[in-house]
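These notes concern the structure reproduced below.
The values are calculated or read from the model by the stated rules, or taken from the named source; none is laboratory data. Note that the coordinates shown come from a computational prediction; the quantities given were computed from them, not determined experimentally. Note that we place each Cβ from the backbone using ideal geometry, even for glycine, and neighbour counts take in every protein chain shown.
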Amino acid sequence: MKNKIIKSAKDSRTDKTAKNKIRAKNNRTTFVSKEEVLKFEKRLLSVKDTSSNNFLNKTIYGALEDVAEKLPKHFVDLLFIDPPYNLNKDFGNNQFKEKSDKDYERTFEKWFLSIKHTLKNTASVYVCCDWKSSTSIYSVLNKYLTVRNRITWEREKGRGALSNWKNCSEDIWFATVSNKYCFNVEAVKIKKKVIAPYKENGVAKDWTENEEGKFRLTYPSNLWTDITIPFWSMPENTDHPTQKPEKLVAKIILASTNENEVVFDPFLGSGTTSVVAKKLNRKYIGVEMNKEYCCLSEKRIILADTEKSIQGYSGGIFWERNSLNIQKDNVVKGRTRSKNNIYEPKLFPEK
Ligand SMILES: C[S@@+](CC[C@H](N)C(=O)[O-])C[C@H]1O[C@@H](n2cnc3c(N)ncnc32)[C@H](O)[C@@H]1O
């Protein structure tokens, strides 16, 4: 099925969402003006120009349904899928319409099968979803891959409801193609403020104590409570309606790839995955069917040449929420765990 890109209000809404929008003085949202769209669209790869040897480190402008067959086999180390959830959602030139659970499952299965051939035998796959589509996603992944975990991300922000529990969490399914896959646990430890140390044989483990407080470096669990959604005072923020935080993507990329490996995002949106991959010295490829979002991605990708920081991740450590001052102090005073952020990559199970 060929996917039609509808020219609609929002393709020409660049100025409404961007330049002409009245923003607070300290609003740091990244957006693209009409002029920038003209400039950045030249960097995009069109579906017809996509060939098996020119797509790395590129944003492909087109519908996944048209791009998928152009992509070669077995080149992806990490597939990060953040699809339209099963909700009515306006993505500018494309609108997703809520379906029955079964129909959503079929849609997701089609998307997944169209790109399954791109996965290496050692690849990992992460899929984002909400509680409602979580079982559909699980069913599909469980059919074709080994499902390893379900991460729950506490999104913090959510709309309150009078007759229901406020929905402020999302699921991220983690699966692998085989039993041989990359998982760099040391790269994704969290620095937590604690009251007392955990002791092994009477010795405090992974413990630091200084004038800012007492901290423990902990193993990461499948409950992520240390990540806020991007908001207007953060430079990573854009006008995309469902943008993922760079910190969230950074955890996944660091855990499940090594430097120079390939990260593929088939629903790139505002470019978060490619931006973070670039900041962490990985290769990337993204597909997105809204030109404005593609251009926004390109702008962020260029900015990542000079601005490599990821909010909430510094000195090779993931920090808890609201710890910016402590992070700055630790980096400035040189109390970081690893200057270069280099970890020993491991493949499990080790042979
Ligand atoms: C949930 S958003 C992804 C957000 C992204 N993770 C970010 O951080 O900005 C899904 C994106 O998929 C795009 N999209 C929807 N259907 C698509 C399709 N069939 N092919 C390519 N892109 C599509 C939408 O335009 C939207 O930007």
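Side notes on the structure shown:
- Answer residue from the range 65-81, given it is of a type in the set (D, E) and touching a helix residue (DSSP H, G or I) at 6+ places or on another chain (Cβ under 8 Å) and is nearest to the ligand (Cβ to nearest atom) among those: E65
- Among the residues of this structure, T118 counts as one that is away from the ligand (no atom under 12 Å from the Cβ) and either under 24 Å from I253 (Cα atoms) or in the same structural domain as V263 (by TED's automatic domain parsing) (or both).
- Scanning the range 1-54 for residues that are among the polar types (S, T, N, Q), under 30 Å from L113 (Cβ atoms), in contact with a helix residue (DSSP H, G or I) (Cβ under 8 Å, 6 or more places away or on another chain) and modelled with pLDDT under 85 yields N3, S52.
- Among residues of the range 77-109, those that are of a type in the set (A, V, I, L, M, F, W, C), farther than 19 Å from K143 by Cβ and assigned to a strand (DSSP E or B), counted: 3
- Candidate set: the range 237-261, residues that are within 13 Å of the ligand (Cβ to nearest atom), touching a strand residue (DSSP E or B) at 6+ places or on another chain (Cβ under 8 Å) and not hydrophobic (A, V, I, L, M, F, W, C); chosen: the one farthest from T122 (Cα to Cα): P241
- Any hit, the range 271-283, residues being at positive phi, outside the structural domain of V188 (by TED's automatic domain parsing) and either within 12 Å of the ligand (Cβ to nearest atom) or in a loop (DSSP other than H, G, I, E, B) (or both): yes
- Any hit, the range 284-298, residues being within 14 Å of the ligand (Cβ to nearest atom), at pLDDT 95 or above and more than 15 Å from T59 (Cα to Cα): no
- Considering residues of the range 186-213 that are part of a strand (DSSP E or B) and closer than 26 Å to L248 by Cα only, the residue modelled with the highest pLDDT: I190
- Annotation note: Cβ proximity below 8 Å between a residue of the range 226-242 that is farther than 19 Å from S33 by Cβ and a residue that is aromatic (F, W, Y) and more than 9 Å from the ligand (Cβ to nearest atom) (sequence gap 6+ or interchain) occurs for D226/F318; D226/W319; I227/W153.
- Within the range 30-75, the set of residues being among the β-branched types (V, I, T) and not in a loop (DSSP other than H, G, I, E, B) comprises V37, T59, I60, V67.
- Criterion applied to V188, V263 was being outside the structural domain of R282 (by TED's automatic domain parsing) and closer than 26 Å to I115 by Cβ, and the one residue passing it is V188.
- Flag if T50 is β-branched (V, I, T), more than 20 Å from the chain's Cα centre (by Cα) and buried (at least 16 other Cβ atoms within 10 Å of the Cβ): yes
- Meets criteria (among the hydrophobic types (A, V, I, L, M, F, W, C) and closer than 30 Å to N93 by Cα) for I229: yes
- Pairs with Cβ under 8 Å, 6+ apart, first in the range 64-76 and farther than 13 Å from D49 by Cβ, second loosely packed, with under 12 Cβ neighbours inside 10 Å and of a type in the set (K, R): E65/K2
- Filtering Y61, Y104 for residues that are surrounded by 14 or more Cβ atoms within 10 Å (Cβ to Cβ), of a type in the set (S, T, Y) and more than 11 Å from the ligand (Cβ to nearest atom) leaves a single hit, Y104.
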